[in-house]
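The values are calculated or read from the model by the stated rules, or taken from the named source; none is laboratory data. Everything quoted here is computed from the prediction, not taken from an experiment. So basically every Cβ, Gly included, is an ideal-geometry build from the backbone, and we count neighbours across all protein chains shown. To get the accessible areas, we keep the full protein, side chains included, count just its heavy atoms, and leave off ligands, DNA and RNA. Shrake-Rupley method; radii C 1.70, N 1.55, O 1.52, S 1.80 Å.
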Amino acid sequence: SQKHLFTIVVLGASGDLAKKKTFPALFGLFKNKYLDRNTRILGYSRTKMDRPQFEHHISQFIKLKTDEDRALLSSFLKLCSYYDGQYDQGKDFEQLERAIVEAEQASGADARLYYMALPPSVFIPVARNLKQHNYRKDKLIRLIVEKPFGMDLESSRELAKDLGELFTEEEIYRIDHYLGKEMVKNLMILRFANVIFGSVWNRQCIDNIQITFKEKIGTQGRGGYFDEFGIIRDVMQNHLLQILTLVAMEPPVSLGAEDVRDEKVKVLRFIPPITKEDIITGQYTASEDGKEPGYLEDKTVPKGSKTPTYAAAALYINNDRWSGVPFVLKCGKALDQQKTEIRVQFKDVTSNLMTNLARNEIVIRVQPNEAVYVKMMNKEPGLGMKTIISDLDLSYASRFENVAIPEAYESLILDALNGDHSNFVRDDELDAAWKVCTPILKTIDRGEIEPIPYKFGSRGPVGVTEFVAKHGYTRSKQA
Ligand code: BG6
């Protein structure tokens, strides 16, 4: 467990994120003995809930497999309590403060972790109230914040400035939960601990890199939130760009948070803003069988909205390692499958000794079914000298049988408790990511890019195949 004993306060406890991610992750840490048994967890939000309602709310997404799990859940719930109050009322935060102090007296905690699982509109009012009423010089303070961090470069800077007046960069932990995923955390090891990968990781050998995020679900009731943001702000500006920086960064001086983040910022600063020529967008319509409604049929979506639910963009990193190599980022909702993967496609073999060749690829599958596999040419077994494409396959389910892969949120909350910033987004990193996306977002917001319709459950808008082909990707001609 940690050097400090924390009191954890979840602001926005009645919300979706808290019930689906935050509390299940806290339970996971508790179950695996990463959380001190004396840790007190306080929930705060506007909704009035009695004890049974609160317990139901925070445990409904916790998976319980055994009787032992059930017993653990009941001990976990004993650590949790709930307080309702307004987000803009100082007196309610004073009341919360009394509850925190009481919890601290019972546990002996010397540190506080504020977890802001809040809608953007109340973000700053809550941060102000926390600073004014719940900030103690004699306690170590850490603050976890969740996206959206603004809508564009300007609003993100404004938010950073307002938050920066209240809390120091040292105190702030900006979550991008993709940085907590097992295979994303594996990227630096794959690249910097393997000569066979590290030495070919450059424009001399690599033709293009595809980073793909696909979801089967549509916006399903979140349409109101989603429509303001769109897929580029929701997924590409954060999750996909974060993956890109880890794929492309130079080796850091050390694994320390500042060294790692220095290198990530550099990559982002080498990327010119996405242009109109290098993007296509889409919006989903009803499914073929009519069972799944189209985006515009979601009652929470404004009529005639042109918000993209799909986007594919080609980015270029203008440095010595990557100059000319397209990084194609693709993301979309309501597609044919759920999958996140990184596909590194190598150049063609130059010699014409053999025929029927396909390009080498290294594929890192983030989810589902974590895996790393390498597509390579092999001799087809038998008497001839025919080539056949084959896989060197490291599928986690078979190689690391019975090893539980931690949830991203567990990993990140634990990092925050341990004071490790390496998997959190630094202020200048966020700024650089917005610089890449803001101009194209403005063009889209002005309605200058028409989203191409695609059917719910399909592979995405027509034109995507041509788009990726134009940016270098060659589908294997072999089976
Ligand atoms: C969130 C987005 O950040 O990530 C959602 O707001 C998306 O729209 C989610 O569904 C995907 O996360 P995961 O971990 O389920 O892949």
ask   = P(r) of segment 241-305 in 10 Å steps, Cα pairs, percent per bin?
value = 17, 26, 18, 22, 16, 1
remark   = Rounded to the nearest 10 Å², the accessible area of Val462 using a 1.4 Å probe with every protein chain kept is 120 Å²
key: In Hz, Karplus ³J(HN,Hα) per residue of segment 235-252 (6.51, -1.76, 1.60; θ = phi - 60°; x = Gly, Pro)   = 10, 6, 4, 10, 4, 6, 5, 5, 4, 4, 4, 6, 6, 9, 4, 6, x, x
task = Report the extension gain between Lys303 and Ser121 in nm, rounded to one decimal, defined as 0.36 nm multiplied by the number of residues separating them, less their alpha carbon distance.
result = 63.2 nm
key: Residue (of Val363, Ala312, Phe23) at the positive-pole extreme of the chain, dipole from beta-carbon charges   = Val363
key: Over segment 153-275, equivalent-ellipsoid semi-axes from the Cα gyration tensor in Å   = 28, 21, 14
note = Gyration tensor on Cα atoms of segment 439-479, a ≥ b ≥ c root eigenvalues, a/c under 1.5 rounded, else prolate if a/b beats b/c, else oblate, says oblate
note = For the Glu277, Gln86 Cβ pair and Förster radius 56 Å, calculated FRET efficiency rounded to 0.05 is 0.70
remark   = Phi-derived 3J(HN,Hα) across segment 174-183 with the Karplus relation (6.51, -1.76, 1.60, θ = phi - 60°), rounded Hz, x for Gly and Pro, is 7, 7, 10, 5, 5, 6, x, 6, 3, 6
key: For segment 17-96, alpha-carbon Rg and Dmax in angstrom   = 13.4, 43
Of the trypsin sites (Lys or Arg not before Pro) in segment 435-470, those whose Cβ has at most 15 other Cβ within 10 Å and which sit in DSSP loop = Arg446, Arg459
key: Options Asn402, Ser390, Val436, ranked by Cα towards positive dipole end of segment 357-444, top entry (Cβ charges)   = Ser390
request  = Tell me, rounded to the nearest percent, the portion of alpha carbon pairs in segment 335-479 spaced more than 27 Å apart.
outcome  = 50 percent
Ranked by how many other beta carbons lie within 10 Å on average, peptides 150-158, 127-135 from highest = 127-135, 150-158
inquiry  = For the pair Asp50/Lys78, report the inter-label distance in nm, with labels modelled 7 Å from Cα in the Cβ direction.
reply    = 2.3 nm
key: Hits among aspartates and glutamates - C-alpha to C-alpha of Lys379 under 15 Å, sequence gap 8 or more where chains match   = Asp391
request  = Over the residues of segment 399-479, compute the C-alpha Rg and express it relative to 2.2 N^0.38 Å.
outcome  = 1.73
ask   = Kirkwood Rh, the chain, all Cα pairs: how many Å?
value = 24.1 Å
Label-reachable residues, segment 280-297, where backbone N falls under 12 Å from a point 7 Å from Val462's Cα toward its Cβ = none
ask   = Using r as the Cβ-Cβ distance of Arg321 and Leu394, and R0 as 25 Å, what FRET efficiency do you calculate, to the nearest 0.05?
value = 0.50
note = segment 374-424: spread of alpha-carbon positions along the three principal axes, whole Å, largest first, is 60, 24, 12
task = Determine ³J(HN,Hα), in whole Hz, for all residues of segment 91-108 in sequence, where each value follows from phi through the Karplus function 6.51 cos²θ - 1.76 cosθ + 1.60 and θ = phi - 60°; x replaces Gly and Pro.
result = 5, 5, 6, 5, 5, 4, 4, 4, 5, 5, 4, 4, 4, 5, 5, 5, 9, x
message = I need the P(r) histogram for segment 56-196: all alpha carbon pairs, bin width 10 Å from 0 out to the longest distance, whole percents.
response = 9, 29, 32, 22, 8, 1, 0
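So if R0 is 56 Å, what FRET efficiency would Leu383 and Glu94 give, r being the distance between their Cβ atoms, rounded to the nearest 0.05?
Computed FRET efficiency for Leu383 and Glu94: 0.10.
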note = Summing -39500 (n - 2.57) over every DSSP H run of at least 4 residues in the chain and dividing by its residue count gives a helix-only mean residue ellipticity at 222 nm, to the nearest 500 deg cm²/dmol, of -10000 deg cm²/dmol
task = Mark the label point 7 Å from the Cα of Glu102 along Cα→Cβ and return the residues of segment 59-92 whose backbone N is within less than 16 Å of it.
result = 78-85, 92
ask   = Angle, helix 408-418 long axis vs. longest principal axis of the chain, Cα atoms, 0 to 90°, nearest 10?
value = 50 degrees
request  = Using a 1.4 Å probe and ignoring any ligands, DNA or RNA, find the accessible area of Glu380 and quote it in Å² to the nearest 10.
outcome  = 70 Å²
message = Students sometimes get this wrong: rank Lys264, Lys161, Lys276, Lys181 by accessible area, probe 1.4 Å, all chains present, largest first.
response = Lys161, Lys276, Lys181, Lys264
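For segment 377-479, which GluC sites (Glu not before Pro) are both in a DSSP coil and crowded by at most 15 other Cβ atoms within 10 Å?
Glu401, Glu448
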inquiry  = Heavy atoms of the protein only, probe of 1.4 Å, neighbouring chains included. What is the accessible area of Met354 in Å², nearest 10?
reply    = 90 Å²
ask   = Label points 7 Å out from Cα along the Cβ direction at Ser155 and Glu401: separation in nm?
value = 5.1 nm
key: Violating pairs (Cα-Cα greater than 20 angstrom) within the set Lys276/Lys470; Lys216/Lys455; Lys63/Lys330   = Lys63/Lys330
Loop-resident sites, segment 280-325, for trypsin sites (Lys or Arg not before Pro), counting at most 13 other Cβ within 10 Å (DSSP) = Lys291, Lys299, Lys303
task = Report the full-extension gain for the segment Lys131 to Lys63: residue separation times 0.36 nm, less the Cα-Cα distance, to one decimal in nm.
result = 21.0 nm
